[in-house]
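Data first, discussion second: the structure below is written as structure tokens.
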Amino acid sequence: MIDFHTHPVLIRELVAQDPSFERAAREVFYIGNNFQPLETFLLQMDVAGIERAVLLPVACRRARQVDVGTNEQIVELCAKSPRLIGFASVDPGVKTAPADLERAIRTLHLEGLKLDPALQDFDSGGPEAWAVYEAAEALKIPVLLHTGLSWAPGSALERGHPLRLESAIRRYARLNFVLAHFAWPWVWEAVALAMKYPNVFLDTSCLYYDSPKEFFEFVFTRQIPITLVERTLANQIVFGSNYPRVEIKNMVRALRALPLTEGCLNKILRENAERLLARGHEAAMSHRHDY
Amino acid sequence: MIIKLERLKIQSRRSEEAINITALVEEAIAQSGVQNGLVHVMTTHTSSGLVVTEGIPCLEQDILTHLARLFPESENYHHRRYLDYDGRLGFNADAHLKSVVGGISCSFPIENGKMVRGSRQTIYFMEYDGPLERTCLIQILGE
């Protein structure tokens with residue numbers, strides 16, 4: 001199983017190496033839990049049955065004076081465990097962003113791009129982001145964007161609205177967009193994008209109140225019908241936990257409690273992520289032959 | 001009078017786990033140089049605990065099983081909400097309640113440099129929401 005959405009914000013090895021990382025975790029990402037050794041991260045994966053996890057940094061130095069993990073830090077962590085899949089982050093607000101991304105993928109061998117319009121304070125649908133999408137499309141990597149509500153202090157809710165992405169999704173049709181958090185609360189908008197555009201994927205890392213089980217039950221059976229997940233979107237959803245905002249084990253358990261077939265769960269927990277990570281639009285689109 | 005405080009790091013490896021720390025407490029006493037006094041052990045976390053019981057696997061299992069029966073994960077807890085001071089969701093009320101009921105500390109006398117305990121008494125660090133690296137305090141007072 002693959003967790004497509006984790007953050008390295010509580011990994012102690014990063015704080016030991018870079019004291020500014022503590023401020024990034026506490027004041028920018030805004031999380032209060034104790035820092036833990038990387039070993040805890042891997043054990044959390046173990047108890048959840050997760051074999052590999054995507055680690056996401058956020059290049060938000062321009063907007064927040066500090067990055068929430070740098071590409072180089074992600075590379076260092078990934079070097080410690082083959083179970084970690086490193087994504088890059090670049091700031092669309094700086095002119096070097098496309099070149100920064102190319103270096104992160106070609107030189108540092110990171111495997112995807114993470115953007116957070118709320119934390120990074122840019123318009124995900126605006127021209128400033130286009131050069132980055134163009135570079136990502138050329139590099140044949142997926143881009144995972146924070147969509148939906150962001151808890152980050154000082155961030156604007158509107159930055160996370162999924163429909164802001166529609167023009168980019170249309171313009172870069174060979175780039176696979178992963179809309180994180182199911183864009184909650186704009187779930188129907190995110191679903192509509194995924195239904196209309198085959199290059200749109202959704203990750204399950206949505207949890208804003210109640211327990212994971214209760215929240216998943218609400219979103220996936222009442223906010224949208226579960227049949228929509230099983231019959232229409234099964235090839236475009238990837239499991240994401242948003243660890244450490246929530247423990248991976250709880251999100252896996254919540255997903256497994258939904259009335260979904262094993263085949264559908266397998267797609268969400270493994271196959272769709274594998275396709276996205278297989279470097280290339282064609283690989284990710286291979287599910288289209290199912291129809 | 002000697003007063004020593006040791007911070008013991010414990011890496012739990014499962015969601016719930018009973019970890020025997022008796023030997024670690026005895027070692028801390030030996031290293032403190034205290035011959036006669038008191039040792040106090042406590043966890044610094046609210047979703048873990050400390051218990052003293054007979055050191056056998058069946059009891060470890062029974063404690064965890066019956067605390068889970070008392071505080072099922074599926075219960076309707078007020079704690080299930082976004083904790084704005086913490087940047088996280090609070091949905092581990094069951095772990096907190098196990099900690100409250102099971103206790104978070106224990107004390108034993110020290111005599112002639114050794115912890116005085118019943119032959120079957122074993123000190124367990126109780127993980128209720130792991131795996132996590134945890135901190136246990138061992139304070140030794142005496143002379």
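The values are calculated or read from the model by the stated rules, or taken from the named source; none is laboratory data. Note that this is a predicted model, so its numbers are computed, not measured. For neighbour counting, all protein chains shown are included, and Cβ atoms are generated from backbone atoms with ideal geometry for every residue, glycine included. When the accessible area is computed, the model is the full protein with side chains, heavy atoms only, and any ligands, DNA or RNA have been set aside. Shrake-Rupley method; radii C 1.70, N 1.55, O 1.52, S 1.80 Å.
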| request: Note every residue of the range B:52-83 with a reduction of at least 30 square angstrom in accessible area, all protein chains present versus the isolated chain, computed with a 1.4 Å probe, or write none. | output: B:E73, B:R80, B:Y82
| query | Kirkwood Rh, the protein assembly as shown, all Cα pairs: how many Å? | reply | 23.1 Å
| remark: Candidates A:V191, A:V178, A:V229; GNM for chain A (alpha-carbon contacts under 10 Å) flags as most fluctuating A:V229
| request: Would you give the gap between the C-alpha center of the range B:66-114 and the C-alpha center of the range A:40-86, rounded to a whole Å? | output: 29 Å
| message | Please check: in the Gaussian network model of chain A (C-alpha springs, under 10 Å), which one of A:K267, A:K249, A:K95 has the largest mean-square fluctuation. | response | A:K95
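Shielding of A:234-246 by partners, i.e. mean partner chain Cβ atoms within 10 Å per residue?
Values: counts 0, 0, 0, 0, 0, 0, 0, 0, 2, 0, 2, 5, 3.
For this peptide, the per-residue mean of nearby foreign Cβ atoms is 1.
Can you give me the relative contact order of chain A as a percent, contacts being Cα pairs under 8 Å and 6 or more apart?
On the way: 576 pairs, mean separation 50.1, N = 291.
The value is 17 percent.
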| task | Please work out the average accessible area per residue across the protein assembly as shown, using the 1.4 Å probe convention, and give it in Å². | result | 41 Å²
| field | Under Karplus coefficients 6.51, -1.76 and 1.60, residue-wise ³J(HN,Hα) of the range A:66-77 in Hz, glycine/proline x | value | 7, 7, 8, x, 9, 4, 5, 5, 5, 4, 4, 5
| query | Karplus couplings for the range B:2-14 from phi (6.51 cos²θ - 1.76 cosθ + 1.60, θ = phi - 60°), rounded to Hz, Gly and Pro as x? | reply | 10, 10, 10, 10, 10, 9, 9, 8, 10, 9, 7, 10, 9
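Provide the FRET efficiency to the nearest 0.05 for the B:H66-B:V100 pair, computing r from the beta carbons and using R0 = 22 Å.
Numbers: r = 15 Å, r/R0 = 0.68.
Working from the Cβ atoms, E equals 0.90.
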| message | For A:L144, what residues show an amide H to amide H distance below 5 Å, using hydrogens built from the backbone and excluding near sequence neighbours? | response | A:L113, A:K114, A:L115, A:V178
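By accessible area of protein heavy atoms, probe 1.4 Å, what ranking do A:S167, A:S89, B:S15 get, highest first?
A:S167, B:S15, A:S89
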| request: Could you tell me the number of lysine pairs in chain A with C-alpha atoms less than 26 Å from each other, where the two lysines are 8 or more residues apart or belong to different chains? | output: 15
| Could you name the aspartates and glutamates in cross-link range of B:K4, using Cα to Cα under 20 Å and dropping any fewer than eight places away on the same chain? | B:E26, B:E27, B:E111, B:E143
| request: May I ask you to evaluate 6.51 cos²θ - 1.76 cosθ + 1.60, the Karplus curve with θ = phi - 60°, for each residue of the range A:183-198 and list the ³J(HN,Hα) values in order in whole Hz, giving x for glycine and proline? | output: 6, 4, x, 8, 5, 5, 5, 5, 4, 4, 4, 5, 5, 7, 10, x
| field | Those residues of the range B:104-143 for which accessible area with every protein chain present is at least 20 Å² below the isolated value (1.4 Å probe) | value | B:D129, B:P131, B:L132, B:E133
| Heavy-atom accessible area, 1.4 Å probe, ligands and nucleic acids excluded: residues of the range A:138-174 down by at least 10 Å² from chain alone | A:W151
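Tell me, what % of the accessible area of chain A is carbon and sulfur with a 1.4 angstrom probe? If you can, show how the numbers build up before the last one.
On the way: 5480 of 10570 Å².
Here it works out to 52 percent.
Quickly estimate the mean residue ellipticity at 222 nm for chain A, helices only: each DSSP H run with n ≥ 4 gives -39500 (n - 2.57), and the total goes over all residues, rounded to 500. Can you show the working numbers first?
Details: 15 runs with 109 residues, N = 291.
Using -39500 (n - 2.57) per qualifying helix, the result is -9500 deg cm²/dmol.
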| Exposure of B:C136 as accessible area (Å², to 10), given a probe of 1.4 Å and all protein chains | 0 Å²
| query | How big is the A/B interface in buried accessible area, both sides summed, 1.4 Å probe, to the nearest 100 Å²? | reply | 2200 Å²
| Residues with amide H under 5 Å from that of A:G86, placed H, sequence gap 5 or more | A:L55, A:E111
| remark: Distance in Å, no decimals, from the C-alpha centre of the range A:227-255 to the one of the range B:22-47 is 43 Å
| task | Return the long-range amide H neighbours of A:H5 (sequence gap of 5 or more, or a different chain), with a cut-off of under 5 Å between placed amide H atoms. | result | A:V54, A:S241, A:N242
